[in-house]
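Quick notes on the structure that follows.
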Amino acid sequence: MATDELSYLTLTEAGAGLRRKEFSPVELAETCLRRIEALDDKLHSFITVTADLALQQARKAEQEIGAGNYRGPLQGIPIALKDLYATKGIRTTCHSAVLEDWIPDHDATAAAKLMEAGAVLLGKLGMHEFAFGGPSIDAPFPAVRNPWNTAHVPGGSSSGSGAALAAGLCYGSLGSDTGGSIRTPSSHCGVVGIKPTYGRASRYGVVPLSWSLDHTGPMARNVEDCALLLEAIAGYDSKDPASADVAVPDFRSEMKQGIKGLRIGVPREHWFNEQKGTDPETETLFNAALKTLVSLGATIVEIDGRPFATARKANQTILIAEAYAYHERRLQEAPEKFGTSVRRRMLEGAFLSAADYITALRARSALNEQIRENFSKVELFATPTAPRPPEAFATMDPNEQNLRPSFTNPFNLTGLPAISVPCGFTPGNLPVGLQIVAQPFHEASLFRVAHAYEQATEWHRHRPPL
Amino acid sequence: MATELSLDELRKMVSRAGLKLAEEELQKLLPGVNRSRNQAAELRQLMADPLEPAGTFSANARKQKY
């Protein structure tokens, strides 16, 4: 099999090939490591490459498979982790000078689950510093670049996860999402990412940004791979106080049921049709995606966007208050260690009052009710994942970003599960994503819709011109 | 709208918060601080009902290690 062909297998295809012994875990790991060596100088998706560990784990998987000890579909599969997942004995930086030399003495639960399933760790991925702010231009590691056009941002904060997957450097990844940090880079890099329901996947060992808004979740090159990865990391974890003791379904068998009869709410009015709302190219692709969903048997229902629009204010208030609380001592003692963008945004949290924070939590209760009331009329919501395609580094204005709506953060505030799936390309060949949102713990419905859409389109088969 | 903080007020609040920031940093910080405070004030206007805050407290919560 040609190297490019091997690099762009889906995780599921790679797992099947390993089981059939068409290639070995060592061949897969070596292919990824060679590709990282060849391409990552211009993408900067990896902060740390764990080549020796990867080859050691691949050899172990090879021996196990050879001896008939089959652990499951992740055995021998090369993956990479956003560099805020604690990895025992492996540097975990959060893309920051603050933790530049931190070597954890424990593994994040989600990382440990992947390793127990036999996955091979290629390394730790670049991100927005501490999962906040914009591309980290003054951090000790370079900002991650978009494989579709390296002059453009890959989206964040799980930038390295999106870029590495799109570039064929790994077969699966874990990101984290506090306001859109899995879904936005998935959209901008043309891959699939799911933020599961709050509590579905453990946050233990993931460096917090905002305890009550942080979610962990997988990213991959197609929907089935995301479902497989979520099955592996989901489930109750007593080490995470927010972990939910809810059974994990077989997402992959449920996703093939089709979408006939599903009602999908589109909160366009008073939200993404407003000034500085959705970019016209993005809206055109989104509307085309809705037509495809209708052709597959779904019904589109327009719903009121107002509570979704207000959610951003509550989300931002909670986020900066919690982020400042977590980093307060470091910001008092050595603020210069933080990059400019992340430091300024975190410091805003120092000047909110306790009443401001509590008010945002009360607004969270109200908005949660208002948004969930829509589930009496529809089963799911759909929006563009991001209001516009990936911007160029040269023209990006971080202040202007705050004026645009966020289509992702209402679902951190409400904890609702949400997935981003590729839905087209701009005339400049930059990817755009479709976001689908479901009721709590209904990730299976997300996979159903995303998989049906993916099967009806070719977007996930496009490759960046590297 | 919240009352806009002046640079002098921000300087005092920074000191009370135990932060040490250069004058240039304070000036660049001020617009964002006022924007965040206004955002919280706008939320307050929406909260007519006597709602309890959303919370994650659990009596069973164990010590976490990050």
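The values are calculated or read from the model by the stated rules, or taken from the named source; none is laboratory data. Predicted model only: the values in this text are computed from it and were never measured. Positions of Cβ are generated from backbone atoms using ideal geometry, with glycine treated the same way; all protein chains shown enter the neighbour counts.
Return yes when A:VAL378 is more than 7 Å from chain B (Cβ to nearest Cβ) and at pLDDT 95 or above and no when it is not. Steps first, answer last, please.
Numbers: more than 7 Å from chain B (Cβ to nearest Cβ): yes; at pLDDT 95 or above: yes.
So A:VAL378 fits the description; yes.
Can you tell me which residues in the stretch A:178-222 are farther than 11 Å from A:THR408 by Cβ and of a type in the set (Val, Ile, Thr)?
A:VAL191, A:VAL192, A:ILE194, A:THR197, A:VAL206, A:VAL207, A:THR216
Quick check on A:ARG343: is it of a type in the set (D, E, K, R), more than 19 Å from A:PHE272 (Cα to Cα) and buried (at least 20 other Cβ atoms within 10 Å of the Cβ)? Steps first, please.
On the way: of a type in the set (D, E, K, R): yes; more than 19 Å from A:PHE272 (Cα to Cα): yes; buried (at least 20 other Cβ atoms within 10 Å of the Cβ): yes.
Answer is yes for this residue.
Can you tell me how many residues within the stretch A:94-133 are part of a loop (DSSP other than H, G, I, E, B) and more than 13 Å from A:PHE338 (Cβ to Cβ)?
Step one: filter the stretch A:94-133 for residues part of a loop (DSSP other than H, G, I, E, B), giving A:94-96, A:100-108, A:117-119, A:126-128, A:132-133.
Filter once more, so that each one left must be more than 13 Å from A:PHE338 (Cβ to Cβ): A:101-108, A:117-119, A:126-127.
Qualifying residue count for the region: 13.
Regarding A:ALA167, is this residue more than 25 Å from A:SER96 (Cα to Cα) and more than 14 Å from chain B (Cβ to nearest Cβ)? Can you show your working first?
Numbers: more than 25 Å from A:SER96 (Cα to Cα): no; more than 14 Å from chain B (Cβ to nearest Cβ): yes.
So A:ALA167 does not fit the description; no.
Taking B:SER15 as the residue in question, decide whether it is among the small types (Gly, Ala, Ser), more than 7 Å from chain A (Cβ to nearest Cβ), touching a helix residue (DSSP H, G or I) at 6+ places or on another chain (Cβ under 9 Å) and over 18 Å from A:ILE358 (Cα atoms). Can you show your working first?
Values: among the small types (Gly, Ala, Ser): yes; more than 7 Å from chain A (Cβ to nearest Cβ): yes; touching a helix residue (DSSP H, G or I) at 6+ places or on another chain (Cβ under 9 Å): no; over 18 Å from A:ILE358 (Cα atoms): yes.
No: the conditions fail for B:SER15.
Any idea which residue in the stretch A:107-128 is nearest to the chain's Cα centre (by Cα), counting only those that are among the charged types (D, E, K, R) and more than 12 Å from A:SER161 (Cβ to Cβ)?
Applying the first criterion (among the charged types (D, E, K, R)) to the stretch A:107-128 yields A:107, A:113, A:116, A:124.
Of the ones still in play, those that are also more than 12 Å from A:SER161 (Cβ to Cβ) are A:107, A:113, A:116.
On the way: A:ASP107: 20, A:LYS113: 18, A:GLU116: 22 Å.
Residue satisfying both the conditions and the ranking: A:LYS113.
Look through the stretch A:346-356, keep the residues that are assigned to a helix (DSSP H, G or I) and surrounded by fewer than 19 Cβ atoms within 10 Å (Cβ to Cβ), and return whichever of them is nearest to the other protein chains (Cβ to nearest Cβ). Walk me through it before giving the result.
Initial filter on the stretch A:346-356 (assigned to a helix (DSSP H, G or I)): A:346-351, A:354-356.
Narrowing the set further to residues that are surrounded by fewer than 19 Cβ atoms within 10 Å (Cβ to Cβ) leaves A:354-355.
Working: A:ALA354: 11, A:ALA355: 8 Å.
Selected residue: A:ALA355.
Are any residues in the stretch A:382-434 modelled with pLDDT of 95 or more, of a type in the set (A, V, I, L, M, F, W, C) and in a helix (DSSP H, G or I), and if so, which ones?
A:PHE411, A:LEU413
Could you identify the single residue in B:ALA59, B:ALA40 that is more than 8 Å from every other protein chain (Cβ to nearest Cβ) and at pLDDT below 95?
Numbers: B:ALA40 fails: more than 8 Å from every other protein chain (Cβ to nearest Cβ).
Of B:ALA59, B:ALA40, the one residue that is more than 8 Å from every other protein chain (Cβ to nearest Cβ) and at pLDDT below 95 is B:ALA59.
Being within 22 Å of A:LEU229 (Cβ to Cβ) and within 18 Å of the chain's Cα centre (by Cα): is that true of A:LEU74 here?
On the way: within 22 Å of A:LEU229 (Cβ to Cβ): yes; within 18 Å of the chain's Cα centre (by Cα): no.
So A:LEU74 fails the test.
If I ask for residues that are assigned to a loop (DSSP other than H, G, I, E, B) and either under 23 Å from the mean Cα position of the chain (by Cα) or of a type in the set (Ser, Thr, Tyr) (or both), which ones from the stretch A:365-381 would you list? Steps first, answer last, please.
Filtering the stretch A:365-381 for residues assigned to a loop (DSSP other than H, G, I, E, B) gives A:377-379.
If the condition is that a residue be assigned to a loop (DSSP other than H, G, I, E, B) and either under 23 Å from the mean Cα position of the chain (by Cα) or of a type in the set (Ser, Thr, Tyr) (or both), then A:GLU379 is the only one that fits.
Of all residues in the stretch B:18-33, which are facing chain A (nearest Cβ under 9 Å) and crowded, with 16+ Cβ neighbours inside 10 Å? Working first, answer last.
Here is the first cut: in the stretch B:18-33, the residues facing chain A (nearest Cβ under 9 Å) are B:18-21, B:25, B:28-29, B:31-33.
Of everything in the stretch B:18-33, those that are facing chain A (nearest Cβ under 9 Å) and crowded, with 16+ Cβ neighbours inside 10 Å turn out to be B:LEU19, B:LEU21, B:GLU25, B:LEU29, B:GLY32, B:VAL33.
For A:ARG362, work out the one condition from (1) within 7 Å of chain B (Cβ to nearest Cβ); (2) under 26 Å from the mean Cα position of the chain (by Cα) it doesn't fulfil.
(2)
Please determine whether any residue of the stretch A:295-308 is crowded, with 22+ Cβ neighbours inside 10 Å, touching a Leu at 6+ places or on another chain (Cβ under 7 Å) and assigned to a helix (DSSP H, G or I).
yes
Of everything in the stretch A:326-345 that's within 24 Å of the chain's Cα centre (by Cα) and more than 9 Å from every other protein chain (Cβ to nearest Cβ), which residue is modelled with the lowest pLDDT?
A:SER341
Look at the stretch A:215-241 and say how many of its residues are crowded, with 20+ Cβ neighbours inside 10 Å, within 21 Å of A:THR178 (Cβ to Cβ) and out of contact with any Pro (no Cβ under 6 Å at 6 or more places or on another chain).
So the first thing to find is which residues in the stretch A:215-241 are crowded, with 20+ Cβ neighbours inside 10 Å, and the list is A:215-234, A:237, A:240.
Restricting the remaining residues to those that are within 21 Å of A:THR178 (Cβ to Cβ) gives A:215-220, A:226, A:229-230, A:233-234, A:237, A:240.
Checking which are out of contact with any Pro (no Cβ under 6 Å at 6 or more places or on another chain) leaves us with A:215-216, A:218-220, A:233-234, A:237, A:240.
Residues flagged as crowded, with 20+ Cβ neighbours inside 10 Å, within 21 Å of A:THR178 (Cβ to Cβ) and out of contact with any Pro (no Cβ under 6 Å at 6 or more places or on another chain) within the stretch A:215-241 amount to 9.
Given the structure, is A:PHE411 hydrophobic (A, V, I, L, M, F, W, C) and surrounded by fewer than 24 Cβ atoms within 10 Å (Cβ to Cβ)?
no
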